[in-house]
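The values are calculated or read from the model by the stated rules, or taken from the named source; none is laboratory data. Since the model is a prediction, treat every value here as computed from it, not as a measurement. Note that each Cβ is placed from the backbone with ideal geometry, even for glycine, and that neighbours are counted across all protein chains shown. Just so you know, the surface numbers come from the protein's heavy atoms only, side chains and all, with ligands and any DNA or RNA stripped out. Shrake-Rupley method; radii C 1.70, N 1.55, O 1.52, S 1.80 Å.
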Amino acid sequence: MSTAPASPAPAFGPGDDTKEEHHRPSLADAGRKLLEGEMGSLRVIIVLAIIWTIFALANDRFLTAVNLSNLALQIAAVGTISVGVVLVLLLGEIDLSVGAVSGLAASVMAVLSVKNGWNPYLAIIAALGVGMAIGIFQGTMSTRLVIPSFVVTLAGLLMWQGAQLKVLGDTGTVNLSEPAITNIAGTFLAPWVGWLVAIAAIVGIVGSALLNLQRRRAAGLEAESMLGLIIRTGAATVAIIVAVVVLNSDRGVPLALTILVGIVVVMNFVLTKTRFGRHIYAVGGDAEAARRAGVRVAALRTTVFALASTFAALGGIIAASRLLAVNQSSGGSDLLLLSIAGPVVAGVSLFGGRGTVWAALLGALVIGSISNGMDLLALQSSVKFMVTGGVLLLAVSLDAVARQRRQARGRA
Amino acid sequence: MSAQTQAGAATAPAPVAPLLRLRGLTKSFGAVQAMRGADLDVAAGEVVALVGDNGAGKSTLIKAVTGVQPADGGTIEMDGVPVSIKAPQDSAALGISAVYQDLALCDNLDVVANLFLGQESQRNGKVLDEIAMEKESRRLLDRLAVKTLRSVRSEVGALSGGQRQTVAIARSMLGDPKLVILDEPTAALGVSQTAQVLELVKRLRSEGIGVIIISHNLADVFQVADRIVVLRLGAVTGEWTAAPENRQAVVGAITGADIENGDEVTP
Ligand SMILES: Nc1ncnc2c1ncn2[C@@H]1O[C@H](COP(=O)(O)OP(=O)(O)O)[C@@H](O)[C@H]1O
Ligand SMILES: [Mg+2]
């Protein structure tokens, strides 16, 4: 390795690493970065733009405020579940039970509140508690007995589906009318509240970017260029304003969407700014290296599985609130597959350690847009499934290609 | 045989306890006995070279000391106090740090994140202090005279073998260690950077830090070590000062040609 390079090496240093010199940013460079997944979020935004353009051309109802409002409501539940899926994927693990857990949690909430007359808030907390307990159980099984999470959560999928049937009993369907529950998906923020939230978000984004820039400059460290910062925060600002304008021109910003975005923002903070988040990426990148560095890998994995199941439970509650009922197929069908497909489409690597939690939201938007658009076109389920599957396959291929290119470049 | 006069505790029976004292460490992997009662002393400010053939048990020994693969039996003392090292956190708490032969870096994280993994700086309670970590990273890498790393925010997976090795070495210097263990630290390095690492080892010694260095390069070993310990088939078979005239004896002990002497060496 050290004695090899053919290039005339400078007299100092090992001389085998000049590849980073003479780095001019170019279009080809940007293309390479896109391909190698370094700009995962940008990639998915481009994909989303293409999908929206296609459906807007195919059906003029697609880009209307009413439809986009519906889309926002449709993705809230699956997006929330996907937040947990992202955490698990970042570890390089998988959780196949999130759909079943969402169904079971919704059933627990419905039965406790409707049949047993519990206070609805207590019923919601109990449902979240069931989710968390399941996550702790599955995480502990997987880490302590060293069983692949794939297997543990596959068994869980079956068990929790069975538990859901048991909980629902012979009634099968429980209708929800308790306002505390139905308001989760049924509430739309008043226009001025929507703007207040939007302004707070924009101030937060711009403020933290400027603060970070100023801190790094004060410390004499390399900082992002002002232009880059303006483009980045400007794009986010425009997106927020457009979203609020559109949603306000219909019923207002849905509370459920606000909850999802809030969760994504909080989890993004946890992942990028705390030790816990850093360790999740580390374990996903190289679990043994993380262990040697003193990371308590088993405890970390268990915590992440607990979080994933809790978010799954919350997603189930939001779905029940939107559909005003829980039945035996709640949490079933393609919910599990879509909640995993979304983040993967949006650039979270199945191999662990790469991706951001924004992929939960963006992925749900992509998958939800495809589904919503094809519904508008009155396409059959057969077509919907095949197209969604094709998009997922494409995304996974991009991930695999990115990984191979990184490996080829990194360890030349 | 004259060569073995330095064997055992020949280096003056000091009244103070050594920084690290290993006695009778054993470790088996199934049927393979990787360590069969290994003994080793390292004083503060002493550089001990651990040499031996491939499969002699060198890496196994250091993994026992760092808790990455705890030993099955035997005792470990730090400053004369018996300690229990069952996990990497235990050795870290005792001020032991290591560079592993297989580096153990997270390819998906940048240089700063790798350097501070497991001991991240925080501010305001629970928030990562990226600026403090980045500044400290630069200071560390400057100390290692790393000129080739363009950005400490590069992903480690995109670095060359030599750069990765330097990151791993820098990692072991973080947080005032008392004992630094280097398993084949110069294997991926060129001539000038190897010299820098050896300089660094000498600097650690002058700062009173104990160093265990494993290397196949006897020239390096004789240049930097105070004492050379030969491991063979999971046990220490002899130790020598790094005087040039001992070179033949060390080679003999590594290959086993000198085995009849080695067998006599017991604490
Ligand atoms: N994790 C392991 N599982 C099984 N055998 C191992 C393991 N680690 C080391 N060994 C065996 O233990 C012996 C000592 O290995 P090692 O300590 O790596 O030697 P060295 O570093 O001196 O080359 C070898 O026979 C090796 O095959
Ligand atoms: Mg070894």
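From B:168, B:188, B:219, grab the single residue that is within 30 Å of residue B:251 (Cβ to Cβ), small (Gly, Ala, Ser) and either open to solvent by 60 Å² or more (accessible area, probe 1.4 Å) or away from every other protein chain (no Cβ under 11 Å) (or both).
B:219
Restricted to region B:53-77, and to residues that are over 14 Å from the mean Cα position of the chain (by Cα) and within 14 Å of ligand 2 (Cβ to nearest atom), which residue is nearest to residue B:97 (Cα to Cα)?
B:69
When you scan region A:375-385, how many residues do you find that are in contact (Cβ under 8 Å) with a residue 40 or more places away in the chain and over 19 Å from residue A:79 (Cα atoms)?
Summing the residues that are in contact (Cβ under 8 Å) with a residue 40 or more places away in the chain and over 19 Å from residue A:79 (Cα atoms) in region A:375-385 gives 2.
Just the residues that are open to solvent by 10 Å² or more (accessible area, probe 1.4 Å) and near ligand 1 (Cβ under 9 Å from one of its atoms), please, taken from region B:34-63.
B:34, B:53, B:54, B:55, B:58, B:59, B:60, B:63
Among the residues of region B:60-102, what is the count of those that are among the aliphatic types (A, V, I, L, M), touching a strand residue (DSSP E or B) at 6+ places or on another chain (Cβ under 6 Å) and farther than 20 Å from residue B:44 by Cβ?
So the count comes out to 2.
In region B:120-139, how many are in contact (Cβ under 8 Å) with a residue 24 or more places away in the chain and at the interface with chain A (Cβ under 7 Å from one of its Cβ atoms)?
Total satisfying the criteria: 0.
How many residues does region B:140-162 hold that are facing another protein chain (nearest Cβ under 10 Å) and either within 16 Å of ligand 2 (Cβ to nearest atom) or at pLDDT below 85 (or both)?
10
Let me confirm something: among A:265, A:283, which residue is within 27 Å of residue A:352 (Cβ to Cβ) and more than 14 Å from chain B (Cβ to nearest Cβ)?
From the options A:265, A:283, the qualifying one is A:265.
From the residues in region A:130-160 that are of a type outside the set (A, V, I, L, M, F, W, C) and loosely packed, with under 15 Cβ neighbours inside 10 Å, which one is farthest from residue A:333 (Cα to Cα)?
Filtering first and then ranking leaves A:144.
Criterion first (under 22 Å from residue A:299 (Cα atoms), crowded, with 17+ Cβ neighbours inside 10 Å and within 16 Å of ligand 2 (Cβ to nearest atom)) does residue B:104 satisfy it?
yes
State which residue pairs qualify: first residue within 14 Å of chain A (Cβ to nearest Cβ) and inside region B:50-65, second residue aromatic (Phe, Trp, Tyr) and near ligand 2 (Cβ under 10 Å from one of its atoms) in any location, beta carbons under 9 Å apart, and separation of 6 or more residues or different chains.
Going by the 9 Å Cβ cut-off, the qualifying pairs are B:59/B:100; B:62/B:100; B:63/B:100.
Test residue A:352 against the stated conditions and say whether it is touching a Leu at 6+ places or on another chain (Cβ under 7 Å) and either closer than 13 Å to residue A:85 by Cα or open to solvent by 10 Å² or more (accessible area, probe 1.4 Å) (or both).
yes
For every residue, the table says whether it meets (1) away from every other protein chain (no Cβ under 14 Å); (2) among the aliphatic types (A, V, I, L, M).
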residue	(1), (2)
A:276	no, no
A:291	no, no
A:295	no, yes
A:302	yes, no
A:316	yes, no
A:332	yes, no
A:341	yes, yes
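Looking only at region B:69-77, decide whether some residue is more than 14 Å from chain A (Cβ to nearest Cβ), farther than 28 Å from residue B:219 by Cα, away from ligand 1 (no atom under 16 Å from the Cβ) and touching a residue at least 60 places away in the same chain (Cβ under 8 Å).
Yes, some residue in region B:69-77 is more than 14 Å from chain A (Cβ to nearest Cβ), farther than 28 Å from residue B:219 by Cα, away from ligand 1 (no atom under 16 Å from the Cβ) and touching a residue at least 60 places away in the same chain (Cβ under 8 Å).
Quickly run through region B:180-197 and pick out the residues that are modelled with pLDDT of 90 or more and away from ligand 2 (no atom under 16 Å from the Cβ).
Within region B:180-197, just B:180 meets the criteria.
Residues of region B:222-240 being within 15 Å of ligand 2 (Cβ to nearest atom) and surrounded by fewer than 20 Cβ atoms within 10 Å (Cβ to Cβ), which ones?
B:233 - this is the single residue of region B:222-240 that is within 15 Å of ligand 2 (Cβ to nearest atom) and surrounded by fewer than 20 Cβ atoms within 10 Å (Cβ to Cβ).
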